[in-house]
Amino acid sequence: MQNLSNIGVIRELLSRHGFSFSKQLGQNFLVNPTVCPRMAGLSHAGPGVGMIEIGPGIGVLTRELSARADRVVAIELDERLLAVLGETLSGCQNVKVLHADALKVDFARLIREEFPPPLRVALAANLPYYITSPLIMKLLESRLPLEALTVMVQKEAAERLCAVPGSRAAGAVSLAVRYYSEPEILFGVSRGSFLPAPSVDSAVIRLNIRREPPILADEGALFATIRAAFSQRRKTLGNALGSGLRLEKAKIQEAMAACGIPLEARAESLTLEQFGALSDALRPLLS
Ligand code: SAM
């Protein structure tokens with residue numbers, strides 16, 4: 001088996017297949033040999049588990065998942081990598097490579113068809129940066145029967161996705177992630193771990209999917225309130241909600257007061273529970 005962390009081996013393999021890196025597709029391949037085994041080891045991959053991988057590249061993480069899990073389905077958009085993967089994964093009988101755009105895949109169907117019970121399912125990926133948030137939100141909002149998403153993302157994205165609601169780093173996406181999962185930053189990965197090296201560092205995070213939401217709330221009202229609250233971060237919460245939800249300021253102030261939220265509060269100071277209470281209070285006013 002070729003050593004897929006050796007830069008000489010990778011260059012020879014890619015040039016033989018006439019491949020050149022696409023910046024647009026976020027193609028930075030891992031060459032630090034410690035990262036993929038560590039990531040796979042923390043990803044829930046194991047006996048009785050099926051793994052979905054997004055963006056296998058040349059298959060360096062895929063091989064680690066294949067060695068641990070019962071079955072791996074890897075989704076790669078770049079057609080040019082299919083022949084490369086055919087070569088690098090030739091010894092991995094439990095891997096299937098799908099040529100598709102992960103943003104367009106019907107994951108509920110994929111899981112039904114590829115991972116029959118009693119297989120448990122989890123996902124691991126070194127994500128192309130341009131699909132990080134839309135893909136993670138798609139996976140979370142679809143309420144898929146997944147145990148965990150273990151993904152490598154840009155360091156700043158990791159901090160935002162895993163930020164604790166009520167802290168300065170929190171944004172609308174932090175609250176959504178926290179609603180659907182229990183997120184944690186596992187370890188950092190320096191830019192020098194990739195070929196070619198990107199201009200920023202990365203981090204591996206794991207989103208442990210919740211079976212039940214942490215608060216009881218009408219999701220439409222909750223996420224409309226969260227989106228409006230963070231849509232104008234410089235404004236106070238009352239003003240941001242007023243313009244975002246097109247409601248009278250007096251009504252919003254009434255609702256905030258009823259929830260014990262100070263009138264001068266800003267979106268990032270609210271916990272998920274406070275957003276739940278506020279969206280409940282505002283719900284009758286939302287059309
Ligand atoms: N897993 C490999 C590694 O760690 O070295 C490659 C990771 S590279 C950051 C991202 C991979 O995702 C590339 O192989 C790229 O072609 C693929 N990709 C980009 N956009 C995609 C999409 N929408 N759906 C599926 N794969 C995509």
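The values are calculated or read from the model by the stated rules, or taken from the named source; none is laboratory data. This one's a predicted model, so the numbers in the text were calculated from it and none came from an experiment. Ideal geometry is used to build each Cβ from the backbone, glycine not excepted, and the neighbour counts take in all protein chains shown. When the accessible area is computed, the model is the full protein with side chains, heavy atoms only, and any ligands, DNA or RNA have been set aside. Shrake-Rupley method; radii C 1.70, N 1.55, O 1.52, S 1.80 Å.
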* To do: List the residues of the range 95-112 whose backbone N lies under 16 Å from a point placed 7 Å from the Cα of R143 along the Cα-to-Cβ direction.
  => 107-109
* Asked: How many angstrom lie between the C-alpha centres of the range 95-127 and the range 132-158?
  -> 13 Å
* Asked: What list of ³J(HN,Hα) values in whole Hz, one per residue of the range 182-188 in order, does the Karplus curve 6.51 cos²θ - 1.76 cosθ + 1.60 (θ = phi - 60°) give from phi, with Gly and Pro shown as x?
  -> 10, x, 8, 8, 8, 6, x
* **Accessible surface of the range 119-204 [probe 1.4 Å, protein heavy atoms]: carbon and sulfur percent** => 51 percent
* Asked: GNM, the chain, Cα, under 10 Å: largest mean-square fluctuation among G18, G171, G276?
  -> G18
* To do: Tally up the carbon and sulfur contribution to the accessible surface of the range 4-59 as a whole percent, 1.4 Å probe, everything protein left in place.
  => 56 percent
* For the chain, state the average projected area of the convex hull of the C-alpha atoms over all orientations, rounded to one decimal in nm². => 15.5 nm²
* Take every DSSP beta bridge whose two residues both sit in the chain, then give the antiparallel share in percent to the nearest 5. => 45 percent
* Structure fact -> For S181, other-chain or 5+-apart residues with amide H closer than 5 Å (H placed, Pro excluded) are R210
* Asked: With the contact rule set at Cα under 8 Å and sequence spacing of 6 or more, what percent relative contact order holds for the range 13-79?
  -> 30 percent
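Please list, by residue number, every one of the trypsin sites (Lys or Arg not before Pro) in the range 1-110 that is coil in DSSP and has at most 11 other beta-carbon atoms within 10 Å.
Taking the range 1-110 and a limit of 11 other Cβ atoms within 10 Å, the loop trypsin sites (Lys or Arg not before Pro) found are K23, K104.
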* Structure fact -> Output for the range 197-272: GluC sites (Glu not before Pro) sitting in coil per DSSP, at most 11 other Cβ within 10 Å, listed by number, reads E248, E264
* Using a Förster distance of 35 angstrom, determine the FRET efficiency expected from the C-beta separation of S15 and K155, and round it to 0.05. => 0.70
* **Net charge of neighbours whose Cβ lies under 14 Å from the Cβ of S5, counting Lys and Arg as +1 and Asp and Glu as -1** => +1
* Asked: What is the Å³ per residue value for the convex hull set by the Cα atoms of the range 166-222?
  -> 127 Å³
* F29 long-range amide H proximity, modeled H, under 5 Å -> L195
* Amide hydrogen neighbours beyond the local backbone of A148, cut-off 5 Å, H modeled -> L123, I209
* Going by the alpha-carbon gyration tensor, a ≥ b ≥ c the square roots of its eigenvalues, is the range 121-199 rounded (a/c under 1.5) or, if a/c is not under 1.5, prolate (a/b greater than b/c) versus oblate? -> oblate
* Asked: What is the dipole size for the chain, taken about its Cα centre, with +1 at each Lys and Arg Cβ and -1 at each Asp and Glu Cβ, in debye to the nearest 20?
  -> 420 debye
* Structure fact -> Going residue by residue through the range 16-29, the Karplus relation 6.51 cos²θ - 1.76 cosθ + 1.60 with θ = phi - 60° gives ³J(HN,Hα) values, rounded to whole Hz and with x marking Gly or Pro, of 4, 9, x, 8, 10, 5, 10, 5, 4, 8, x, 8, 10, 8
* Structure fact -> Bounding extents of the range 203-287 in its principal axis frame from Cα atoms, largest first in Å, are 42, 28, 23
* Asked: Based on the Kirkwood radius over alpha-carbon pairs, what value in µm²/s does the Stokes-Einstein equation return for the translational diffusion coefficient of the range 1-136 at 25 °C and 0.890 mPa s?
  -> 162 µm²/s
* Residues of the range 36-153: accessible area per residue at 1.4 Å, in Å²? -> 39 Å²
